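A short write-up of the structure that comes next.
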Amino acid sequence: SPEALAALRSELAGRVALVEEPSRVRKRSRDFFWYSPVLNAQLNGLSADVVVEAGSEADVIAVASACARHGVPLTVRGGGTGNYGQAVPLQGGVLLDMSGLATIEWQRDGAVRTGPGIKMNRLDAELAPGGEEIRMHPSTKRTATIGGFIAGGSGGIGSVNYGQLRERGNIRAARVVTLEAEPKVLELTGDRVHGVAHAYGTTGIITALEMPLAPARPWIDVIVAFDDFLAAAECGLAVGRDAAIGKKLITPIAWPLPQWFTGLKAYCPEGQAILIAMIAEDTLPAFRARVAEAGGRITLETPLDDGPGSVPLYEYTWNHSTLQVLKTDRSWTYLQSLHPAEGLMESVAAMAARFPGEIVPHLELIEFAGKLTYAGIPLLKFTTEERLNAIIAEHEASGVWIANPHVYTLEDGTRHKRAETDQLGFKRLTDPAGLMNPGKMRSFTPADAEASLPA
Ligand code: FAD
């Protein structure tokens, strides 16, 4: 209510950094939901009432307590690069910007402990002198926070080696502040971290993370051209299975998607499929041999550079490939799929042939439940929501899982991205009144809130 908001504002003013200017609040309340014409119609215009810029865990606790006591909704935000409105406040209230909690506590024993608000490219830059890097990052590494990745993302560059975030061991620990009048601070380890991982900020506020690391390697950005998309996909799989090749990214993409990669025109021959890869420098000879066997032609080999002013190849992969298209043509959108590991190439071939003119295949090789398989982020020509749902249903009927990116609730969109865990039960502990972006976790109902409140 306006009264509750006013009381909250006067309590927090002078104590934490507030942003009140409506245009700035509205801008900060958005993410990349507009990729989906369906979500754009549903979420465009939603906004918080006020933004709080947290600078410390003490700030987070003060805001959590104030929201709980005044009954004001709270939505957590990192870099605001989510695709399903994860950081869009559905019912107004406070938007809590976590990008100020960006301090690295320590790096040791193959792990790092850090504030959640650090951008992942800065994190890797800080880890480099110790000869280590984070195991995986989204293609938004340069703009997204590690906390937003854990709470809203699923995997990316590096998932070919380590699987997605949902796999055991990919997150070592998380420190979480609860949304209560007297907030608790919980230290989650082991499988308990999945109470808060990929929960879209509905089950507590992450104030620190402990992440396992990988040995840093000099990565080479590579593009290979192929006459045929399936040859690119076969080659990617062979590279993935070859233990002699160090890899971090394997991305087969069908023509005409590369026609939108304007920055890569010289390396993407007209009419050809491409394979984008990140290969460890010392294993390039083995990689080149695989490519030659598969009939591919290397068009670019250059050291990875994701510093200011340069564009790494990973910004053409994962969901960045969709962004490259949307820059010039908004009539396209995308899907997120997972092919079965058994009969993988048959499944890939069947789906590549199934929707001519409507779907352009784009695959990402990942480890899933201990096996290499292809996830897909195909480009999709949008006509109607009915047709979109029919295409999704056809995939599912063919054994290809879809994590639907055109829905905004946690439950509807996260199949095969979330670990099996009782997030609803965890929410009753961490957000008993259901104030964390109400409506995002739709299985939490007012009855849940009543049931979790003390008698
Ligand atoms: P935000 O968007 O700010 O937040 C994401 C979610 O996390 C929200 O629900 C928010 O409430 C919650 N949250 C944020 N911080 C905290 C916290 N401290 N405590 C509790 N909850 C919190 N995703 C992938 O997984 N892989 C990809 O390769 C990938 N590629 C992308 C490419 C493009 C072009 C775009 C636009 C998006 C892509 N994404 C991808 C989605 C998104 O960029 C990532 O998931 C990213 O890691 C989100 O981080 P963020 O800091 O922007 O989080």
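Per-structure values
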read-out: Filtered residues of segment 307-335 (kept if under 21 Å from the mean Cα position of the chain (by Cα), more than 19 Å from L237 (Cα to Cα) and part of a loop (DSSP other than H, G, I, E, B)); value: G307, V311, P312, N319, K327, L335
read-out: Filter result for A7 (open to solvent by 70 Å² or more (accessible area, probe 1.4 Å) and either at positive phi or outside any strand (DSSP E or B) (or both)); value: no
read-out: Residue that is in contact with a strand residue (DSSP E or B) (Cβ under 8 Å, 6 or more places away or on another chain), touching a residue at least 12 places away in the same chain (Cβ under 8 Å) and not charged (D, E, K, R), where the choices are A280, A244; value: A280
read-out: From L96, L46, L90, residue being touching a strand residue (DSSP E or B) at 6+ places or on another chain (Cβ under 6 Å), over 24 Å from S321 (Cα atoms) and either open to solvent by 30 Å² or more (accessible area, probe 1.4 Å) or within 12 Å of the ligand (Cβ to nearest atom) (or both); value: L96
read-out: Count - residues of segment 359-374 that are assigned to a strand (DSSP E or B) and closer than 21 Å to W260 by Cα; value: 5
read-out: Residues of segment 277-295 that turn out to be open to solvent by less than 10 Å² (accessible area, probe 1.4 Å) and in contact with a Pro (Cβ under 8 Å, 6 or more places away or on another chain), as a count; value: 1
read-out: Residues that are open to solvent by 50 Å² or more (accessible area, probe 1.4 Å), under 18 Å from A181 (Cβ atoms) and touching a Leu at 6+ places or on another chain (Cβ under 9 Å), drawn from segment 10-43; value: none
read-out: Tally of residues being of a type in the set (A, V, I, L, M, F, W, C) and open to solvent by 60 Å² or more (accessible area, probe 1.4 Å) across segment 296-331; value: 1
read-out: Residues that are of a type outside the set (K, R) and either surrounded by fewer than 24 Cβ atoms within 10 Å (Cβ to Cβ) or out of contact with any helix residue (DSSP H, G or I) (no Cβ under 9 Å at 6 or more places or on another chain) (or both), drawn from segment 158-170; value: G158, S159, N161, Y162, G163, Q164, E167, G169, N170
read-out: Some residue of segment 94-115 being at pLDDT below 95 and among the polar types (S, T, N, Q); value: no
read-out: Members of segment 223-264 that are part of a strand (DSSP E or B) and either closer than 17 Å to H320 by Cβ or open to solvent by 10 Å² or more (accessible area, probe 1.4 Å) (or both); value: I223, K247, K248, L249, I250, T251, P252, I253
read-out: Only listed residue being touching a strand residue (DSSP E or B) at 6+ places or on another chain (Cβ under 9 Å), over 20 Å from M136 (Cα atoms) and modelled with pLDDT of 95 or more, chosen from P252, P303, P340, P285; value: P340
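Conditions (1) in contact with an Asp or Glu (Cβ under 9 Å, 6 or more places away or on another chain); (2) of a type in the set (A, V, I, L, M), marked per residue:
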residue: M120; (1), (2): no, yes
residue: R142; (1), (2): yes, no
residue: N161; (1), (2): yes, no
residue: R168; (1), (2): yes, no
residue: V185; (1), (2): yes, yes
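The values are calculated or read from the model by the stated rules, or taken from the named source; none is laboratory data. Since we're looking at a predicted model, the values are computed, not measured. For neighbour counting, all protein chains shown are included, and Cβ atoms are generated from backbone atoms with ideal geometry for every residue, glycine included. Note: accessible area is taken over every heavy atom of the protein model, side chains too, but ligands, DNA and RNA are not part of it. Shrake-Rupley method; radii C 1.70, N 1.55, O 1.52, S 1.80 Å.
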